[in-house]
1. Estimate the FRET efficiency between A:HIS94 and B:TYR91 by the formula 1/(1 + (r/R0)^6), using the beta-carbon distance for r and 22 Å for R0, to the nearest 0.05.
2. Any idea what diffusion coefficient chain B gets from Stokes-Einstein, in µm²/s, Kirkwood Rh on alpha carbon pairs, 4 °C, 1.567 mPa s?
3. Could you work out the relative contact order of chain B, using alpha carbon pairs under 8 angstrom and six or more residues apart, expressed as a whole percent?
4. When only DSSP loop residues count, what chymotrypsin sites (Phe, Trp or Tyr not before Pro) in region B:6-72 have their Cβ near at most 16 other Cβ atoms within 10 Å?
5. Could you give the C-alpha radius of gyration of the protein assembly as shown expressed as a fraction of 2.2 N^0.38 Å, taking N as the number of residues it contains?
6. What distance in nm lies between label points placed 7 Å from Cα along the C-beta direction at A:ARG22 and B:GLU45?
7. List the residues of region A:58-102 whose backbone N lies under 20 Å from a point placed 7 Å from the Cα of A:LEU13 along the Cα-to-Cβ direction.
8. Which of the listed residues, B:HIS121, B:ALA85, B:ILE110, is farthest toward the dipole's positive end in region B:78-131, when Lys, Arg count +1 and Asp, Glu count -1 at the beta-carbon?
2 protein chains.
Amino acid sequence: MQKSLTIGRVAELSGVNVETIRYYQRFGIITEPKKPLEGYRIYPEATINRIIFIKRAQQLGFSLKEIAELLELGDGNCGDIMKRAEEKRDYINHQIDDLLRLKTTLDTLITACRTDDEAAHCPIVDTLTAK
Amino acid sequence: MQKSLTIGRVAELSGVNVETIRYYQRFGIITEPKKPLEGYRIYPEATINRIIFIKRAQQLGFSLKEIAELLELGDGNCGDIMKRAEEKRDYINHQIDDLLRLKTTLDTLITACRTDDEAAHCPIVDTLTAK
DNA sequence: ATAAAGTCCGTACCATAGTACGGAGTCAAG
DNA sequence: CTTGACTCCGTACTATGGTACGGACTTTAT
């Protein structure tokens with residue numbers, strides 16, 4: 001006799017919090033089983049797999065909204081899914097570029113601080129200050 | 001006779017919204033002038049410079065909280081400010097590393113999609129799906 | 001004087017992904 | 001039966017940096 005899958009069990013088996021599952025249900029990315037006339041809701045085993053998919057996709061940088069779209073595509077749409085992955089990869093490239101630019105600016109300011117002998121003036125403050 | 005600096009004028013001259021200034025005041029990073037017995041609040045001209053400082057520091061990746069700390073250090077503490085900039089630069093490096101790792105993973109998955117002749121199986125979906 | 005623009009103030013909302021809580025009801029084990 | 005664990009449900013909160021709104025009051029320009 002297999003244990004019924006209550007929300008706590010699903011949470012434990014999929015490695016998330018009960019609250020997180022409730023949130024996913026409200027978000028619509030997880031289906032909430034009907035409340036039985038007696039006892040607690042019983043979740044299908046597939047729910048666990050679905051949650052694991054969600055967490056792994058999150059680790060790839062997809063938002064919940066994007067993950068919902070991936071799940072809708074499902075298997076058999078490799079082209080579409082690859083396209084989504086390419087878009088995400090491009091977005092991440094963009095972020096990296098931004099950060100690299102930022103880092104360069106900061107490095108420049110830090111170097112200016114190191115080489116500026118006048119403690120009365122801070123090149124960073126000067127840069128940030130109006131004028 | 002110089003125009004009094006009401007909040008709208010300050011907003012216009014510093015390039016932010018009135019609502020943003022109100023938010024900064026609530027946040028505590030901008031001082032809210034006392035309400036005169038008659039008429040609107042009059043802002044000191046220094047408020048404009050301070051807001052410009054804030055926006056420029058934001059562009060360097062500092063949070064409002066961090067900016068408040070920078071502003072408190074003020075000029076004359078180049079060492080401390082440089083230290084903050086170094087910490088921010090290090091944090092950004094960390095972010096870049098994370099993103100690069102993510103990009104590599106995605107690239108690997110995308111490549112697998114391109115070289116997989118079986119449309120029935122999507123390497124991305126396989127990777128995300130529970131094992 | 002009038003109307004439009006501006007300010008004030010308190011409150012609520014946005015996006016994202018959760019997290020927490022209180023009270024009520026249910027289930028399971030001793 | 002009792003107690004503790006669990007579920008349910010509705011509501012609120014977190015972090016960050018804003019943005020919006022409604023009603024009341026003030027200022028400005030015609």
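The values are calculated or read from the model by the stated rules, or taken from the named source; none is laboratory data. Computed from a predicted structure; not experimentally measured. Heads up, the Cβs are rebuilt from the backbone with ideal geometry, glycines too, and the neighbour counts pull from every protein chain shown. We work out accessible area using only protein heavy atoms, side chains counted, and drop any ligands, DNA or RNA first. Shrake-Rupley method; radii C 1.70, N 1.55, O 1.52, S 1.80 Å.
1. 0.70
2. Estimated via Stokes-Einstein, D reaches 68 µm²/s.
3. Taking the mean separation of contacting Cα pairs over the length of chain B, I get 16 percent.
4. B:TYR40
5. The protein assembly as shown yields a ratio of 1.44.
6. Reported label-point gap for A:ARG22 and B:GLU45 is 5.7 nm.
7. none
8. Ranked along the dipole, the leading option is B:ALA85.
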